[in-house]
Every structure is written in C-alpha cells, then in structure tokens.
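Everything below concerns the one structure shown next.
Values in this text are rule-based calculations from the coordinates and carry no lab data. In this text the structure is predicted, and so the values were computed from the model without any measurement. Every residue, glycine among them, receives a Cβ derived from its backbone with ideal geometry; neighbour counts consider all protein chains shown.
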Amino acid sequence: MQTRIEALYKLSQSKFRSSFHLKEKDKLYVEEKGMDVIRRHACDFVRNKLADSYPKNDGKQTPMKGHPVFIAMHACACCCRGCLNRWYHVEKGIPLTDIQQEKIVNLLMLWIENEMKK
Ligand SMILES: [Zn+2]
C-alpha cells in the first residue's frame with residue numbers, strides 16, 4: 001500500500017491529474033468553512049458517490065466544479081470507481097470499507113491542504 005505522499009507524487013506526474021487546482025473562490029470557501037467542515041463534506045461525498053458496490057452514474061458522478069472536494073477527487077483520481085481501480089487497484093463491484101473511505105478522505109484532505117498553501 002502506498003502512502004499519501006507517494007500517491008500525491010504519482011498524481012503530480014500525470015498531466016491530467018496535475019491540471020486540477022483550487023480556484024480563489026474554492027480557497028475562500030475552505031477558509032470560511034474550516035478544514036473540519038470540509039473533511040465532513042469529503043466523508044459525505046466519498047460515502048454517497050463512491051462507497052456503494054455500484055455507485056449511481058459511475059464515471060460521471062463527480063462534478064468538475066462546485067465544491068473544493070470535487071476538484072480534489074479529480075486531482076487525486078478518486079472521482080469514480082474506474083479511476084479508483086486504475087490508480088489504487090480498488091476492486092469494483094464491492095462496497096468500500098470504512099477504512100478505504102477514510103484513506104480516500106485523508107488523501108483528498110492532504111491535497112486540499114497543499115493547495116491552500118499555494
Ligand atoms: Zn474517475
């Protein structure tokens with residue numbers, strides 16, 4: 001299992017994944033809400049959009065904008081079960097465990113933390 005740092009390094013080598021960044025208004029939103037609230041949102045999105053064995057609209061369930069966590073999900077290849085499978089070998093057709101969900105949330109939050117420093 002790779003660490004979050006290794007995962008972020010690998011993502012930074014992908015032209016597509018590294019093209020995602022938080023915009024000014026996303027950063028303002030994060031500042032306004034605070035990291036704890038953003039983390040709760042991330043947990044909700046991961047649970048609702050990824051955790052089912054066959055998520056609804058899989059492949060298209062994560063909008064390209066509208067919430068900082070959505071951007072993070074694309075940047076981290078945690079946008080759909082196809083990307084989770086390709087990038088992290090997460091098996092399709094099986095619900096995500098709590099631990100898997102937490103790992104995804106941790107990765108998304110680290111990405112957001114790094115973006116906030118830019
Ligand atoms: Zn995807």
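What the table shows:
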item	result
Breaking point among (1) touching a residue at least 24 places away in the same chain (Cβ under 8 Å); (2) within 14 Å of W111 (Cβ to Cβ); (3) among the aromatic types (F, W, Y), for Y9	(1)
Pairs, first surrounded by 10 or more Cβ atoms within 10 Å (Cβ to Cβ) in the range 51-62, second of a type in the set (S, T, N, Q), C-beta under 7 Å, six or more apart	A51/Q101; P55/Q61
Residue selected from the range 32-48 under the condition touching a residue at least 24 places away in the same chain (Cβ under 8 Å) and not aromatic (F, W, Y), by the criterion farthest from the ligand (Cβ to nearest atom)	M35
Residue satisfying all of: in the range 67-109; surrounded by fewer than 17 Cβ atoms within 10 Å (Cβ to Cβ) and of a type in the set (A, V, I, L, M, F, W, C); nearest to the chain's Cα centre (by Cα) among these	I99
